[in-house]
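Undergrad: Mind having a look at this structure? Questions to follow.
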Amino acid sequence: MQHPTSVVFLNTVDLYRIVEKGELGDPERLPEFVRRLRPDITDTRLLVLFELKPDNEKSREIGRKEAGRYLAALNEVAEPDKRLVGGTGFEGSLFLEFENGGALWQLSWRTPEPGVTLYRWSYRRKKPNASWKERTAQKAEELPREEIEQRGELAEQAIRAAYEGNERAKGFQGQVYLPVDCR
C-alpha cells in the first residue's frame, strides 16, 4: 500500500516465479528444490525481502535463517544490479473490531533487523459505552490462543478485504481500522 508502483510477491509465489515475473535474472539457474521456496514478502522493484514471524526470539531466529536462505538463492541468479537485501522500516499496527465493540483486536508489527518482521496480536477487553479513543487507550493484553484459532481466518479475510477494497468478509460483523501515514 505504501509503494503502489512496487511489484510485490507474497508467500503464495515461489522463487522461480519471483525471478521470472520480477525480471531479476534467469530462473532456470535455481536448483530444483530451491525453486519451490516461498518468501513471505518480496518486492522486486525496491529489491527487498521480508520474512514474517510471531514476535518471540525463537521465531526471530527462524526468520533470520529463512530470509538469509531466500536472499542467497535469489542473489545467486539475479543480475548484479538487481540484488536483493533484507527490508527495513516495515512497522505499524491496525485494529479489528468484532461484534460492534464486543472484541477489539490489534495486529502490530515491527522489523527489528533487516528482512525479519515480527508480528503480535493483542486485544482490549469489552468496555460498555466506551469511546473508540478509550478502547484503544486500554491496556493491551495477549490474545488468547483459542480466540485466535476461532476468529483468525475471519480476521485475515477482513484485513485483506479492507486493504484490497473488496467486499466485507462473510460472517465479519465489525470494522477494520487501517493505519494511515500522515507524514
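The values are calculated or read from the model by the stated rules, or taken from the named source; none is laboratory data. Because the structure is predicted, anything quoted here is derived from the model rather than measured. Methodologically, a virtual Cβ is constructed for each residue, glycine included, from the backbone with ideal geometry; neighbour enumeration extends over all protein chains shown. Heads up: the accessible areas ignore ligands, DNA and RNA and are worked out on the full protein's heavy atoms, side chains in. Shrake-Rupley method; radii C 1.70, N 1.55, O 1.52, S 1.80 Å.
Undergrad: Leaving out ligands, DNA and RNA, and with a 1.4 Å probe, what % of the accessible surface on segment 1-96 is carbon or sulfur?
TA: Reported share for carbon and sulfur atoms: 51 percent.
Undergrad: Go ahead and run the numbers for FRET between Lys21 and Glu57, Cβ-Cβ distance against an R0 of 30 Å, rounding to 0.05.
TA: The pair Lys21/Glu57 has a calculated efficiency of 0.30.
Undergrad: Over segment 1-115, with the other protein chains present, what is the accessible area per residue in square angstrom, probe 1.4 angstrom?
TA: Using a 1.4 Å probe on heavy atoms only, each residue of segment 1-115 averages 55 Å².
Undergrad: May I ask you to list the residues of segment 76-94 whose amide nitrogen lies under 19 Å from a point 7 Å from Cα along the Cα→beta-carbon direction of Glu28?
TA: Output list for this probe position: 76-80.
Undergrad: May I pose another question? Suppose every Lys and Arg Cβ carries +1 and every Asp and Glu Cβ carries -1, with no other charges. What dipole size does segment 38-168 come out with about its Cα centre, to the nearest 20 debye?
TA: 380
Undergrad: Out of Ala137, Ala158, Ala72, any idea which swings most in a Gaussian network model of the chain, alpha carbons joined below 10 Å?
TA: Its mean-square fluctuation being the largest, the pick is Ala137.
Undergrad: Taking volume of the Cα convex hull per residue in Å³ straight from the coordinates, which label in [x] 167; [y] 129; [z] 143 is the correct one?
TA: Answer by label: [z].
Undergrad: Here is a follow-up. Compute the relative contact order of segment 70-166 as a whole-number percentage, counting only Cα pairs closer than 8 Å that sit 6 or more residues apart in sequence.
TA: Relative contact order of segment 70-166: 18 percent.
Undergrad: Still on this structure: Taking Cα atoms, how many degrees apart are the long axis of helix 145-164 and the longest axis of the chain, rounded to 10 and kept between 0 and 90?
TA: That helix lies at roughly 70 degrees to the long axis.
Undergrad: At 0.36 nm per residue, minus the direct Cα-Cα distance, what do Glu76 and Arg45 gain on full extension? Give it in nm, one decimal, please.
TA: 9.4 nm
Undergrad: How would segment 1-85 be classified by its alpha-carbon gyration tensor: rounded, prolate or oblate, with rounded meaning a/c under 1.5 and the a/b versus b/c comparison settling the rest?
TA: It is oblate, given that a/c is not under 1.5 and a/b is not larger than b/c.
Undergrad: If one takes the longest principal axis of the Cα atoms in the chain, at what angle in degrees, from 0 to 90 and to the nearest 10, does the Cα axis of helix 57-77 lie?
TA: 30
Undergrad: Tell me the GluC sites (Glu not before Pro) within segment 52-135 that lie in a loop according to DSSP and have at most 14 other beta-carbon atoms within 10 Å.
TA: For GluC sites (Glu not before Pro) across segment 52-135 that sit outside H, G, I, E and B with at most 14 neighbouring Cβ atoms in 10 Å, the list reads Glu91.
Undergrad: Still on this structure: Which one, Leu74, Val8, Thr136, is farthest towards the positive end of the dipole of the chain when Lys and Arg carry +1 and Asp and Glu -1 on their Cβ?
TA: Working it through, the farthest residue towards the positive pole turns out to be Thr136.
Undergrad: Would you mind telling me which residue in Asp43, Asp26, Asp81 has the biggest mean-square fluctuation in a Gaussian network model of the chain, where springs connect alpha carbons within a distance under 10 angstrom?
TA: Of the options given, Asp81 has the highest mean-square fluctuation.
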